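This report concerns only the one structure given below.
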Amino acid sequence: MASLSTTFILLLVIVSASVSAALSASVIEDLKSLKPPHDFNTTILKNCQHNPSLRYCSSSPMDLDEVFKSTIVASHLCNESKNPNCVESFPKIDLQNDPKIAPLYLSFNFFWKYCPLSILAIDLSNNSLSSNFPIDVLQCTQIQALDMSHNNLFGDVPIESFSPLTNLTLLNLSYNHFSESKISDIPFFKRFNSSSFLYSGLLPDGKRFRIKAVLLLVGFPIFVILMVCCLGWLCFRRPDFLPQMLRPKHRFTPAMLKAATNGFSKKNLMGKSESVDIYQGTLRDGADVKIEIYRGERHPTLIEECKILVQLCHKNLVNVLGWCNNRRLKAIVTEWMEGENLEMWLMGSDITPWCHRLRILMGVVDGMCYLEEWPEVGYDLRTSSILLSNNLEPRISRFKIRDQSSSRSRKMYKFGVLLLEMLVNRRPEEEFKRGEAGFIEYIRMHYPADLQKVIDQKMELTQNTFDQAKQAIGLGLMCTDASSNQQVSLGQVFDIMSRAYQSCRVLASHNHERLHSERGKGHRRMQSR
């Protein structure tokens, strides 16, 4: 180390000689057994006065045990490194090809903390060191040469810790396994050529680079081709996997419909006829739909019709969501309606009050008024084609585009038949020989004097509601009267039905208040008793 007092130098000579002569004593044993002499503190203070640049002099508070142990390790290292002068100072630490001793000295962090300023070279090469970079070594900031080659060091190199080593001119980190980094871009390491980092992992491996380049040149086009194929598959077969903005509107593919119906399973088959199969399905976004699949030849205007129907949007119309126009499959997709149709509701319910029927009729009229804006759209007003939601909101479900038979007079006639059918609750086609004509004639025979025989008893009419039902039957007969020169318009029907519906609601509200009042009076009478 740096200059010491005569007494301390003599102590180190004796210790060094004894350790060298008696090889049985290890460095660890020396550190445990040897204690600093009684005047060691005085010697250290004199050394700091003589040479304040000594590393232990700047330590505050000074740890005398650490300083003493560092002098012992320095003596050992000096001898191990075969330095000519191992008392005052030694210029190098040479532990190459000594894998048993090198890790031991690297573990003495107190020595590297007080690294002697005389050390200018450190060689720890070829020791099979297997650890992260021994950063304590870099506390010897005055060194000019550092060789850590031919080891198994790994992890990141502490680049920032190299900055204080301004005198370093020789560096060898070759043949290690450090993490790859752009070390050549760092100003400090630009002082050294690539031979300092051969096979260290710090520089890109030329062979590996070539392999990566080949993989990139070959793999990237393959990746692009696969992506194009994948996007093509998504666009043409499963566009529902694409983002919303990229999906074609209203168009469904056979693969989408097959996925929605679990492969067109029998469990999802809701109905079947000669030309149409009706399935219930669930789209990828969770929406429940009805899928009508047309078998055999279908008129060529199917898609043109759907392009008009998807534009319809009203609470009393079933929404048409889109279509499938494939060589193998043609289908129309509409929203799925939970509940039953009007025919099932009329036949199945025990009591179907007049107000409920009037509300349904009002919804049908609302839907008809909306469709007046679409003169090319015809519709079917049968009890079997009007669907009911769970809160009895009617939905017209069958449409015809540019139907020549769907004139305004014909539409009013069909509404009149529907109105009469809801009040009488009879099936014209099934119960009368002449169908609708026989049905209308049957009602005319009993109107107005004998209506009790034809009106559905499940409505449980009061006198007021009976009068409303009687007016409604008269309206239905007017709508179905083809001989009349002045047929009722849809606007007139809307006004009549609106007044009847509002009157029915007011009447129902009064009845509810009266019933509530009577219950309150009965409760008070019971309390008074």
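Listed here are the residues, each with its yes/no results for (1) open to solvent by 40 Å² or more (accessible area, probe 1.4 Å); (2) of a type in the set (D, E, K, R); (3) closer than 20 Å to D240 by Cβ; (4) part of a strand (DSSP E or B).
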| position | (1), (2), (3), (4) |
| --- | --- |
| L312 | no, no, no, no |
| K315 | yes, yes, no, no |
| G322 | no, no, yes, yes |
| E338 | yes, yes, no, no |
| M344 | yes, no, no, no |
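Return yes when L392 is open to solvent by less than 20 Å² (accessible area, probe 1.4 Å) and either in a helix (DSSP H, G or I) or among the aliphatic types (A, V, I, L, M) (or both) and no when it is not.
Values: open to solvent by less than 20 Å² (accessible area, probe 1.4 Å): no; either in a helix (DSSP H, G or I) or among the aliphatic types (A, V, I, L, M) (or both): yes.
Taking the combined requirement at face value, the residue does not satisfy it.
I'd like to verify a number: residues in the stretch 74-99 that are in a loop (DSSP other than H, G, I, E, B) and within 21 Å of N172 (Cα to Cα), how many?
Filtering the stretch 74-99 for residues in a loop (DSSP other than H, G, I, E, B) gives 81-91, 95-99.
Next, only the ones that are within 21 Å of N172 (Cα to Cα) stay: 81, 91, 95-99.
Summing the residues that are in a loop (DSSP other than H, G, I, E, B) and within 21 Å of N172 (Cα to Cα) in the stretch 74-99 gives 7.
Per-residue answers, yes or no, for (1) buried (at least 18 other Cβ atoms within 10 Å of the Cβ); (2) of a type in the set (V, I, T); (3) outside the structural domain of Q144 (by the TED database):
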{"residue": "H50", "(1), (2), (3)": "no, no, no"}
{"residue": "S53", "(1), (2), (3)": "no, no, no"}
{"residue": "H76", "(1), (2), (3)": "yes, no, no"}
{"residue": "N85", "(1), (2), (3)": "no, no, no"}
{"residue": "I93", "(1), (2), (3)": "yes, yes, no"}
{"residue": "P99", "(1), (2), (3)": "no, no, no"}
{"residue": "S107", "(1), (2), (3)": "no, no, no"}
{"residue": "I122", "(1), (2), (3)": "yes, yes, no"}
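Determine, yes or no, whether E431 is closer than 30 Å to L302 by Cα and acidic (D, E). Reasoning before the result, please.
Numbers: closer than 30 Å to L302 by Cα: no; acidic (D, E): yes.
Judged against the criteria, E431 is not a match.
Yes or no, residue by residue, for (1) in a helix (DSSP H, G or I); (2) assigned by the TED database to the domain that holds S118; (3) not small (G, A, S):
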| residue | (1), (2), (3) |
| --- | --- |
| T141 | no, yes, yes |
| S149 | no, yes, no |
| L168 | no, yes, yes |
| Y175 | no, yes, yes |
| S181 | no, yes, no |
| F188 | yes, yes, yes |
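Anything in the stretch 417-442 that is of a type outside the set (A, V, I, L, M, F, W, C) and out of contact with any Asp or Glu (no Cβ under 8 Å at 6 or more places or on another chain)? List them, or say none. Steps first, please.
Step one: of the stretch 417-442, the residues of a type outside the set (A, V, I, L, M, F, W, C) are 421, 425-431, 433-436, 438, 441-442.
Across the stretch 417-442, the qualifying residues are E421, R426, E430, E431, K433, G438, E441, Y442.
Tell me which residues, restricted to the stretch 349-383, are in a helix (DSSP H, G or I) and under 20 Å from S407 (Cα atoms). Outline the logic, then answer.
Taking the stretch 349-383 first, the residues in a helix (DSSP H, G or I) are 354-371.
Result: V364, V365, D366, G367, M368, C369, Y370, L371.
Which of the residues that make up the stretch 151-161 are in contact (Cβ under 8 Å) with a residue 24 or more places away in the chain and either under 43 Å from the mean Cα position of the chain (by Cα) or surrounded by fewer than 19 Cβ atoms within 10 Å (Cβ to Cβ) (or both)? Working first, answer last.
Kept after step one, since they are in contact (Cβ under 8 Å) with a residue 24 or more places away in the chain, are these residues of the stretch 151-161: 151-159, 161.
N152, L153, F154, G155, D156, V157, P158, I159, S161, listed by residue number.
Report the residue count in the stretch 455-491 for those that are in a loop (DSSP other than H, G, I, E, B) and either modelled with pLDDT of 90 or more or not aliphatic (A, V, I, L, M) (or both).
Kept after step one, since they are in a loop (DSSP other than H, G, I, E, B), are these residues of the stretch 455-491: 455-456, 460-462, 480-489.
Still in the running and either modelled with pLDDT of 90 or more or not aliphatic (A, V, I, L, M) (or both): 455-456, 460, 462, 480-481, 483-487, 489.
Count: 12.
The values are calculated or read from the model by the stated rules, or taken from the named source; none is laboratory data. Given the structure is predicted, the values throughout are model-derived calculations rather than measurements. With ideal geometry, Cβ positions are generated from the backbone for all residues, glycine too; neighbour counts draw on all protein chains shown. Calculation scope for accessible area: heavy atoms of the full protein, side chains included, ligands and nucleic acids excluded. Shrake-Rupley method; radii C 1.70, N 1.55, O 1.52, S 1.80 Å.
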